[in-house]
Amino acid sequence: MKKGNNVMSDTLRGFVDALEADDMVQARDVFTSVLGDRLSTALDDKKIEVATTMYGDADEIMSDLDDDDFAIDADEVEIEEVEEEEI
């Protein structure tokens, strides 16, 4: 069995155990946690889908760039001299 399935099984077992013990607070906490995790995952997936639609695939974007896009031209850099402050 996969590790992810074991975690879900343990979580589900905790939820069922809490229901059987009439511990509705614990059951609510487990349910809320699982629902929150699923909602967060769904939102992250949707964000990736929207970003990919708007900007293209990350690999595609990076392939469009070359090393010159990240190079710093020394003539464009200005360096200021800073005097030490008296203490």
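Odds and ends about this structure:
- Tabulated pairs, segment 25-51, first closer than 16 Å to ASP10 by Cα, second of a type outside the set (A, V, I, L, M, F, W, C), C-beta under 7 angstrom, 6+ apart or interchain: VAL30/THR11; VAL30/GLY14; VAL34/THR11
- Just one of the listed residues (SER40, SER63) is hydroxyl-bearing (Ser, Thr, Tyr) and at pLDDT below 70, namely SER63.
The values are calculated or read from the model by the stated rules, or taken from the named source; none is laboratory data. These numbers were taken from a predicted model, which means no experiment stands behind them. Ideal geometry is used to build each Cβ from the backbone, glycine not excepted, and the neighbour counts take in all protein chains shown.
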